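S.K.: Please read through the structure below; I'll follow up with questions.
The values are calculated or read from the model by the stated rules, or taken from the named source; none is laboratory data. Being a predicted model, the structure only gives us computed values, none of them experimental. We place every Cβ from the backbone using ideal geometry, glycine too, and count neighbours over all the protein chains shown. Accessible surface is based on the protein model in full, side chains and every heavy atom, while ligands, DNA and RNA are left aside. Shrake-Rupley method; radii C 1.70, N 1.55, O 1.52, S 1.80 Å.
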Amino acid sequence: MRRGSIASIVGIGVVAGGVAAAVALLFNWIPDPASDEADRITFLFWFVIVICIVIFALVAAVMIYEITHFRAKPDDDTDGPPIHGHTGLEIWWTLIPTVLVTAIGIVSAVVLARNDAEGSNPLIVDVTAQQFAWSFSYPSAKGLTSGTLRVPLGRSVVLHLHAKDVLHSFWVPEFSQKQDTVPGLDTKLHITPNRLGTFDVICTELCGLGHSTMRSTAIVMKPAAFEAWLHKQSGAVSSPNGNAAGAAVFKENQCAGCHTFKPANATGKVGPDLDNLAQYAQKAGKPLADFVKESIVDPNAYVQPGYPKNVMPPFTSIPADQLDALVQYLTGKG
Ligand code: CUA
């Protein structure tokens, strides 16, 4: 091959590789990682991308050079010359991809193994998914149940995921991992948060009409602040003072997002005004406490006229004592 041809192939390759690299680098394709696992996945991602860009540049260069230099004349209908294989070339184009694919396989296996290593003292969080809400409970804190996922910075967190009804899937983009929740199965996800912040929890499995609204929040806190929160909340939940316990449950399950309730300074407008529960119970023809409890665990049993059905998810994963505290709080008996 002439020196000039090699120079032009290299030139085309540099341009093609440059364009591909610019597309990869100039856009924010993936969010900034917020966990050790996401860091490793991001590393793996770039490892593969770099290999792909080099191969792309090579293939593009050879292809563009051949198309422009060996093009048949428009009126040339003759057969091309018979070509026998080129053993040297075939060895290289078998060997190089084999090495690259093996390397990707090995790096992926290492990343997977390290991401699944839970460490000696992981924080366990039970995650319950249901149409269309997430709830998170902390077995180490008397089953404290929260509508937001709070986790401490730098500690291994193992999520045990459960589904109440259909398939859902847990996803925090900054944590890079997704895990399905499957009715009847205990699936797990291991996360080691390494950046403070508030991130979206997204359901990423089409699970029904409210799928797009099935969102929550993950908050990565300083370990001391997390411990303080855990103690305060679980203390309130088990306190003999029903009011404080109920208020804590009300807050943790984010009732204020949809409901108005003066004692909690809640001003949500999606669902019925909880200051009028006595009126609603009368209308439904049920004793107040029974009515309130039923409306929490089975919201569709009676829907206040003027409000849509199937909007409030059944909060069946709230432990019994927390549920009682919430009912007392809502009925003003706390
Ligand atoms: Cu749950 Cu989509």
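S.K.: Being more than 20 Å from S5 (Cβ to Cβ) and either open to solvent by 100 Å² or more (accessible area, probe 1.4 Å) or touching an Asp or Glu at 6+ places or on another chain (Cβ under 9 Å) (or both) is the filter here; which residues of the range 74-86 pass it?
M.R.: Passing the criteria: P74, D75, D77, T78, D79, P82, H84.
S.K.: Kindly indicate which of N243, N253 is closer than 30 Å to S156 by Cα and among the polar types (S, T, N, Q).
M.R.: It is N253.
S.K.: Could I ask something else about it? Could you tell me which numbered condition G184 fails, if it satisfies all but one of (1) more than 12 Å from the ligand (Cβ to nearest atom); (2) part of a strand (DSSP E or B)?
M.R.: Result: G184 passes all but (2).
S.K.: A further question follows. Can you tell me which residue in the range 199-227 is farthest from L153 (Cα to Cα), limited to those that are within 16 Å of the ligand (Cβ to nearest atom) and open to solvent by 50 Å² or more (accessible area, probe 1.4 Å)?
M.R.: The selected residue is L209.
S.K.: Could you list, in sequence order, the residues of the range 180-199 that are modelled with pLDDT under 95 and among the acidic types (D, E)?
M.R.: D186
S.K.: So if I check each of A20, A61, A16, A72, which one is over 37 Å from the mean Cα position of the chain (by Cα), more than 30 Å from I219 (Cα to Cα) and in contact (Cβ under 8 Å) with a residue 12 or more places away in the chain?
M.R.: A61
S.K.: Could you list all residues from the range 170-181 that are within 16 Å of the ligand (Cβ to nearest atom) and either open to solvent by 10 Å² or more (accessible area, probe 1.4 Å) or among the acidic types (D, E) (or both)?
M.R.: W171, P173, K178, Q179, D180
S.K.: Oh, and also: When you scan the range 123-153, how many residues do you find that are more than 16 Å from the ligand (Cβ to nearest atom) and either exposed (fewer than 15 other Cβ atoms within 10 Å of the Cβ) or of a type in the set (V, I, T) (or both)?
M.R.: Looking only at that region, the number is 7.
S.K.: Here is a follow-up. How many of the residues making up the range 108-150 are part of a loop (DSSP other than H, G, I, E, B) and in contact with an Asp or Glu (Cβ under 9 Å, 6 or more places away or on another chain)?
M.R.: 5
S.K.: If you take the residues of the range 154-169 that are within 12 Å of the ligand (Cβ to nearest atom) and surrounded by 18 or more Cβ atoms within 10 Å (Cβ to Cβ), which of them is nearest to V182 (Cα to Cα)?
M.R.: Per the criteria, the residue is A163.
S.K.: Now a separate question. In this structure, is G143 touching a residue at least 24 places away in the same chain (Cβ under 8 Å) and over 15 Å from the mean Cα position of the chain (by Cα)?
M.R.: Considered against the rule, which asks whether it is touching a residue at least 24 places away in the same chain (Cβ under 8 Å) and over 15 Å from the mean Cα position of the chain (by Cα), G143 comes out as yes.
S.K.: I've got another one for you. Do we find that L196 is out of contact with any Cys (no Cβ under 6 Å at 6 or more places or on another chain) and either within 16 Å of the ligand (Cβ to nearest atom) or within 18 Å of Q254 (Cβ to Cβ) (or both) in this structure?
M.R.: So L196 fails the test.
S.K.: Output the residues belonging to the range 23-33 that are assigned to a helix (DSSP H, G or I) and open to solvent by less than 40 Å² (accessible area, probe 1.4 Å).
M.R.: Residue satisfying the conditions is A24 alone.
Yes or no, residue by residue, for (1) in contact (Cβ under 8 Å) with a residue 12 or more places away in the chain; (2) crowded, with 17+ Cβ neighbours inside 10 Å; (3) not acidic (D, E):
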{"site": "W229", "(1), (2), (3)": "yes, yes, yes"}
{"site": "F250", "(1), (2), (3)": "yes, yes, yes"}
{"site": "G257", "(1), (2), (3)": "yes, no, yes"}
{"site": "A264", "(1), (2), (3)": "yes, yes, yes"}
{"site": "L277", "(1), (2), (3)": "yes, yes, yes"}
{"site": "L288", "(1), (2), (3)": "yes, yes, yes"}
{"site": "V303", "(1), (2), (3)": "no, yes, yes"}
{"site": "I318", "(1), (2), (3)": "yes, yes, yes"}
